[in-house]
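Before any comments, here is the structure.
What follows draws every value from the coordinates through simple rules; no lab data is involved. Quick caveat: nothing in here was measured; it's all calculated off a predicted structure. FYI the Cβ positions are ideal-geometry reconstructions off the backbone, even for glycines, and counts take in every protein chain you see.
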Amino acid sequence: MKLSTQIKPISYLKAHTAEIARTIGNHHNTMVITQNGEAKFIIQDIETFEQTQETLALLKILALGTKQIEEGKTKPASDVFSRLRDIHKDR
């Protein structure tokens, strides 16, 4: 999907709300709504939004992990697994 084909003015949104909701819901498209010629809003279905949020969360976790590796804040996997076994054994 080319986002450039999904740019509409706010007046289009007002006049075609039901049609836009159907199209976006059925095809998982994203639409950019402009106001006074500037992009102001993004409209997307909830599944696409949730997927985007999950992807962003994963990227944040990966970035944090990379930063911790660079700072030397790591432990050998064998030490971690040994500690987890000890915790599990104590329960």
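Some notes on this structure:
- Distant-in-sequence amide contacts of ILE7, defined by a placed amide H-H separation under 5 Å and a gap of 5 or more residues or a different chain, comprise VAL32.
- Taking 0.36 nm per residue of sequence separation and removing the Cα-Cα distance, the ASP79/ILE46 pair yields an extension gain of 7.7 nm.
- Sorted from greatest to least, the principal axis extents spanned by the alpha carbons of the stretch 36-84 come out as 59, 24, 8 Å.
- Only helices enter the 222 nm calculation for the chain: every DSSP H run of n ≥ 4 contributes -39,500 (n - 2.57), and dividing by all residues gives -20000 deg cm²/dmol, rounded to 500.
- Per residue, the average separation of C-alpha pairs within less than 8 Å and at least 6 apart gives the chain a relative contact order of 19 percent.
- For the chain, the fraction of C-alpha pairs farther apart than 17 angstrom is 67 percent.
- Counting only DSSP beta bridges with both residues in the chain, the antiparallel share comes to about 65 percent.
- The stretch 24-63: radius of gyration over Cα atoms, expressed as a fraction of 2.2 N^0.38 Å: 1.45
- Options ILE87, GLN51, GLY65, ranked by Cα towards positive dipole end of the stretch 46-91, top entry (Cβ charges): ILE87
- Other residues lying with their Cβ under 13 Å from the Cβ of LEU84 contribute a combined charge of +2, Lys and Arg counting +1, Asp and Glu -1.
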